[in-house]
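Accompanying notes for the structure given below.
The values are calculated or read from the model by the stated rules, or taken from the named source; none is laboratory data. All figures in this text were calculated on a predicted structure; none of them were measured in a lab. Cβ: placed from backbone, ideal geometry, glycine included. Neighbour counts: every protein chain shown.
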Amino acid sequence: MDSNASNLIPLQLMPEQAYAGPGNDWTGTSDPKARKKIQDRIHQKARRQRIKARTSYLFCPRQEGRSAPVGVANIPCSGFSEDQAVPSLWASNAVYDSRNNQPFNLSTFTACEPDSERTEQFILQFTAKAHEYFLHGSPRTDMLINLVQFNTTRALVTNARFIGVTRELMAPGSRSQLTSASVGVSACNSLPPSLKPTHLQLTTSHHPWIDTLPLPEIRDNLLRRDESSYDKKELCRDLRGFQAVADGYGGMIVWGAPWDSQGWEVTDAFATKWPWVINGCHQLLKSTSYWRKVRHERSV
């Protein structure tokens, strides 16, 4: 073997060059404007890859050791999600209803009618169409906005079905049946731990939408507040991803089973606007840090 060959130092690209790809190597460019242009292109590429990675997790969430509680295994629970919550983007490259070639109107999809045929049909049709888009390639950024709104709302619908809340019980002015003496202990014990009522739920009159949240600390925070001291409709819309934000994301994100608190994530925008709602919710902060770590983002 040639002794000189053994002393050769192999030449290879620096990590920055390898990541940048062909035509985007700025390391040998002396012109500041040209360097800036190339670097901006690299940053845009990185952002697209982060969105693609996030979408993969949203469509195919996997959490080891979790299974559907009895009674809800037949409810579709594949995951979807998010981006900045601006409903007007539905008019652009969003998910379209093949029946009338109109974009699905997520503003009409709420948890107020969990047992209605209209709600069921919306879930089935939106899920099928969004999954079709996914199979043909990663969803566009503006689609992710719609997906997080859909997924969080569907989670509330699923939980409402599981605890037996109907559209009649979700009507404005209705009160949760948990404070009624007719609610048996066995019925509560059959619920997943995250949905089992707290002492405040059993003793404080409240609207049943609060019972659909799989985060006991948040439920208690809401019950400690006078209902007239905050806008319940605004809170519900913000939580479902319709929060108006200048940059970033708004609302909550649901990654796994709707009743699994470990699959819920809070956005910075929601935490900033509603700090008292998530105050002391250690499980939510823990799960948020976990999902951000999965996406290689900073933890809370």
Residues in region 259-276 that are out of contact with any Phe, Trp or Tyr (no Cβ under 9 Å at 6 or more places or on another chain) and in contact (Cβ under 8 Å) with a residue 60 or more places away in the chain total 2
So which residues in region 166-176 are crowded, with 19+ Cβ neighbours inside 10 Å and closer than 12 Å to Ser116 by Cβ?
Met170
Residue tally, condition surrounded by fewer than 18 Cβ atoms within 10 Å (Cβ to Cβ), free of Cβ contacts under 8 Å to residues at least 60 places away in the same chain and not in a helix (DSSP H, G or I), over region 214-258:
5
Within the set of pairs 6 or more residues apart or between chains, which connect a residue that is within 18 Å of Ser261 (Cβ to Cβ) inside region 184-206 to a residue that is surrounded by 14 or more Cβ atoms within 10 Å (Cβ to Cβ) and modelled with pLDDT under 80 with Cβ atoms less than 7 Å apart?
Pro192/Pro69; Lys196/Cys188; Pro197/Cys188
Take region 259-279 and flag every residue that is assigned to a helix (DSSP H, G or I) and not hydrophobic (A, V, I, L, M, F, W, C).
Ser261, Gln262, Gly263, Asp268, Thr272, Lys273, Pro275
Take the conditions in contact with an Asp or Glu (Cβ under 7 Å, 6 or more places away or on another chain) and crowded, with 21+ Cβ neighbours inside 10 Å and apply them to Ser287. Does it pass?
yes
Would you point out which residue out of Trp276, Trp264 is touching a Ser or Thr at 6+ places or on another chain (Cβ under 9 Å), at pLDDT 95 or above and not acidic (Asp, Glu)?
Trp264
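From the list Leu156, Leu144, which one is surrounded by 18 or more Cβ atoms within 10 Å (Cβ to Cβ), modelled with pLDDT under 90 and either under 21 Å from Thr203 (Cα atoms) or not acidic (Asp, Glu) (or both)?
On the way: Leu156 fails: modelled with pLDDT under 90.
Answer to the check: Leu144.
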